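The values are calculated or read from the model by the stated rules, or taken from the named source; none is laboratory data. Worth saying up front: this structure is predicted, and the values here are computed from it rather than measured. We place every Cβ from the backbone using ideal geometry, glycine too, and count neighbours over all the protein chains shown.
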Amino acid sequence: MVLFSHPADFTPVCSTELVEFARRAPEFEKRSTKLIGLSVDSIHSHLAWRENLKQILDVEIGYPMIADISMDVSTKFGMIHPGASATATVRAVFLIDPKRVIRALVYYPMNVGRNIDEIMRLLTALQTADQNACATPVNWKPGEKVVVPPPKTESEVRERSTHKEYERIDFYLNKKEPLRQRRRQGRICAIRRYRSRPFSRPGSRGLDSHLEVADLGDVEVDADFLIDVDHPARSLKRLKMSAPCTMRPSLKCIVTLSAVRTPSNVS
């Protein structure tokens, strides 16, 4: 979630920020992130401002806005800076993860508008770091290599040298492609046949499911995902390839699906 505060309704800089957040809302939604605005103005002021922005800039504000008249939320989150104003909130941005942990906090002065591109970059960097157990280097942009955590023991130093996929700069500085960026030339696949058997691991209650797929055409695909083209809304997630991703025409491969509910629509 991105929680952001603005000094007051019907102010010029805040108006440009609200509209830009609204225009970029689909990008945040694509990253499974909700937007929430806040100011110490009333709900009636918020409603009138939203209608005014829709009228003059033809942009509808689709995300919620908190009317923090009591300044309770603003005070708890440190959005009131007496040196700037005793009542108006500063331009604060909080990035909060699904565990309700504040992962990043950015303050802007009253007279400087926020950079939505940087907020988006920061959000993507945090999600990339979590997904890859890594860090992002200076000026990192989505799609660029990430930094492998530095080794803490001699064995980890030796282990790092075995990774041929790393860009090795020194023993403590290695880079790699993010997991979601490791794409190989493959085929779009449609599910053709389905069978399942019990897990062989003791104590497991699930099914070790196997799907036979047939290639449909040359595209660049993520090796970790396949789409059920007949039922895209029920697409299967986190499929692990048990055969090379690159397939020749008419070649079939087996995909292993573990610990996921057996789909009823596959035949």
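So, Glu20, is that one touching a helix residue (DSSP H, G or I) at 6+ places or on another chain (Cβ under 7 Å) and not in a loop (DSSP other than H, G, I, E, B) or not? Yes: the conditions hold for Glu20. List the helices (runs of 4 or more DSSP H) inside the stretch 59-167, counting only whole elements, that have at least 2 residues being touching a residue at least 40 places away in the same chain (Cβ under 8 Å), out of contact with any Cys (no Cβ under 8 Å at 6 or more places or on another chain) and not aliphatic (A, V, I, L, M). Filter on the stretch 59-167 gives 116-132.
Annotation note: of Ala125, Ala88, Ala84, the sole residue that is modelled with pLDDT of 95 or more and either in the same structural domain as Lys141 (by TED's automatic domain parsing) or small (Gly, Ala, Ser) (or both) is Ala125. The residues of the stretch 15-51 that are touching a residue at least 40 places away in the same chain (Cβ under 8 Å) and within 13 Å of Ile116 (Cα to Cα), listed by number, are Thr16, Glu17, Leu18, Val19, Glu20, Phe21, Ala22, Arg24, Glu27, Phe28. Within the stretch 146-185, the set of residues being modelled with pLDDT under 90 and of a type in the set (A, V, I, L, M) comprises just one member, Leu179.
Per the listing Tyr108, Tyr63, the residue uniquely touching a strand residue (DSSP E or B) at 6+ places or on another chain (Cβ under 9 Å), within 27 Å of Glu51 (Cα to Cα) and at pLDDT 95 or above is Tyr63. Taken as a whole, the condition of being assigned by TED's automatic domain parsing to the domain that holds Cys14, farther than 22 Å from Phe10 by Cα, at pLDDT 95 or above and surrounded by fewer than 17 Cβ atoms within 10 Å (Cβ to Cβ) does not apply to Val138.
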